[in-house]
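*Asks:* Sharing a structure with you now.
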Amino acid sequence: MSRIGRIHSLESFGTVDGPGIRFVVFMQGCPLRCQFCHNPDTWEVDKGDEYTPEQLATEILKYKSYMDFSGGGVTFTGGEPLLQAEFILEVCKILKQKGISIAIDTSGFVWNSWVQEVLEYTDLVMLDIKNFDPNSYKIITGVSLNPTLKFLDYLRDKGINTWVRYVLIPGLTDNLDNVKELSAYLDNYPNVSKIELLGFHKMGEYKWKELGLEYKLTDTKEPSAESLQEVKEILESNGKIVSVNS
Ligand code: SF4
């Protein structure tokens, strides 16, 4: 019997989660508890809708022509998609036979043999580095930074194309020395072809309230255009391509 996956939601025409037009799969479940999370409703792994790998692949393949003409594909995000790597692996096997490009948006926190296998089918990893200072990372996410850095090492060793995502949050991730250290560190990773700098916003705040959770960033402002530009220039200083999405 097929492994069952639990899915929060599907988006058929995504344009911000990888190249081209993407079919975006928001997987249920996440071991992190990021203070700025937009999707706290994805945290619990036992919620969402159940799909078999075949059901999900069939849904995705309906949009193949849009992905083909735009240079797009499918993106698994969440939540933390690799929490359900065993399920995703089965979906990837079907999609690869049909020539679909596969991207994974991940924190790099989960590691097991299924994750390794999923990466064999992955064309692009979007790796979220929430902060480069280990203490701040723990405060922001509730977990250790180390697994993410080991994950990045593995991606380099395997030569997997990677975009690093960094969310600029005033007071939490805008320490410029810390950003400089991250920029220098990424210089050692030729597989990192792009850094996406994302401006913090509070779109998910209402979900925290609905879930009865305490949102700690109510008084945090969105970063200014000047601050985004300053951080962009630091991230570019070692030769990486940097895009800004505010
Ligand atoms: S990793 Fe993503 S889904 Fe999980 S808590 Fe952080 S922002 Fe939310």
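*Asks:* Pairs under 7 Å by beta carbon, first residue in contact (Cβ under 8 Å) with a residue 40 or more places away in the chain in the stretch 67-84, partner near the ligand (Cβ under 10 Å from one of its atoms) and part of a helix (DSSP H, G or I), six or more apart or different chains?
*Replies:* The qualifying pairs are GLY78/THR42; GLY79/THR42.
*Asks:* Of all the residues that make up the stretch 106-149, how many are more than 16 Å from the ligand (Cβ to nearest atom), among the hydroxyl-bearing types (Ser, Thr, Tyr) and assigned to a helix (DSSP H, G or I)?
*Replies:* 1
*Asks:* What are the residues in the stretch 199-239 that are open to solvent by less than 60 Å² (accessible area, probe 1.4 Å), aliphatic (A, V, I, L, M) and out of contact with any helix residue (DSSP H, G or I) (no Cβ under 9 Å at 6 or more places or on another chain), if any?
*Replies:* Across the stretch 199-239, the qualifying residue is only LEU228.
*Asks:* Further question: In the stretch 106-159, what residues are exposed (fewer than 15 other Cβ atoms within 10 Å of the Cβ) and acidic (Asp, Glu)?
*Replies:* GLU120, ASP153, ASP157
*Asks:* Starting from residues that are open to solvent by 40 Å² or more (accessible area, probe 1.4 Å) and closer than 27 Å to ILE169 by Cβ, keep the ones in the stretch 36-70 and report whichever is farthest from the ligand (Cβ to nearest atom).
*Replies:* Per the stated criteria, the residue is LYS47.
*Asks:* If the Cβ limit is 6 Å and pairs must be 6+ apart or interchain, which residue in the stretch 232-246 that is closer than 16 Å to TYR189 by Cβ pairs with which residue that is open to solvent by less than 60 Å² (accessible area, probe 1.4 Å) and outside any strand (DSSP E or B)?
*Replies:* LEU235/SER183; SER237/SER183; ASN238/SER183; VAL242/LYS232; VAL242/LEU235
*Asks:* Please identify the pairs in which a residue from the stretch 19-37 that is closer than 30 Å to TYR66 by Cβ has its Cβ atom under 6 Å from the Cβ atom of a residue that is near the ligand (Cβ under 9 Å from one of its atoms) and part of a strand (DSSP E or B), counting only partners at least 6 apart or on another chain.
*Replies:* PHE26/THR77
*Asks:* So, one more: Only residues that are in contact (Cβ under 8 Å) with a residue 12 or more places away in the chain, over 19 Å from the mean Cα position of the chain (by Cα) and more than 12 Å from ILE4 (Cα to Cα): list them for the stretch 39-59, please.
*Replies:* Once the filter is applied, which keeps residues that are in contact (Cβ under 8 Å) with a residue 12 or more places away in the chain, over 19 Å from the mean Cα position of the chain (by Cα) and more than 12 Å from ILE4 (Cα to Cα), the stretch 39-59 yields LYS47, ALA57, GLU59.
*Asks:* From GLY239, GLY204, which residue is on the phi > 0 side of the Ramachandran plot and out of contact with any Lys or Arg (no Cβ under 7 Å at 6 or more places or on another chain)? Break it down into steps so the answer makes sense when it comes.
*Replies:* Working: GLY204 fails: on the phi > 0 side of the Ramachandran plot.
When all the criteria are applied, what remains is GLY239.
*Asks:* Another question, if that's okay. Tally the residues that are over 23 Å from ASN161 (Cα atoms) and either open to solvent by less than 10 Å² (accessible area, probe 1.4 Å) or of a type in the set (Lys, Arg) (or both), restricting the search to the stretch 6-25. Give the steps one after another, and end with the answer.
*Replies:* Here is the first cut: in the stretch 6-25, the residues over 23 Å from ASN161 (Cα atoms) are 6-12.
Imposing the further condition that a residue be either open to solvent by less than 10 Å² (accessible area, probe 1.4 Å) or of a type in the set (Lys, Arg) (or both) reduces the set to 6-7.
Number of matching residues: 2.
*Asks:* For the condition open to solvent by less than 40 Å² (accessible area, probe 1.4 Å), away from the ligand (no atom under 13 Å from the Cβ) and of a type outside the set (S, T, N, Q), what is the one hit in GLY99, GLY79, GLY73, GLY29? Explain how you work it out, then say what you get.
*Replies:* Values: GLY99 fails: open to solvent by less than 40 Å² (accessible area, probe 1.4 Å); GLY79 fails: away from the ligand (no atom under 13 Å from the Cβ); GLY29 fails: away from the ligand (no atom under 13 Å from the Cβ).
Of GLY99, GLY79, GLY73, GLY29, the one residue that is open to solvent by less than 40 Å² (accessible area, probe 1.4 Å), away from the ligand (no atom under 13 Å from the Cβ) and of a type outside the set (S, T, N, Q) is GLY73.
The values are calculated or read from the model by the stated rules, or taken from the named source; none is laboratory data. For clarity, every value in this text was computed on a predicted model and none was experimentally measured. With ideal geometry, Cβ positions are generated from the backbone for all residues, glycine too; neighbour counts draw on all protein chains shown. These area figures cover heavy atoms from the full protein model, side chains too; ligands, DNA and RNA do not enter into them. Shrake-Rupley method; radii C 1.70, N 1.55, O 1.52, S 1.80 Å.
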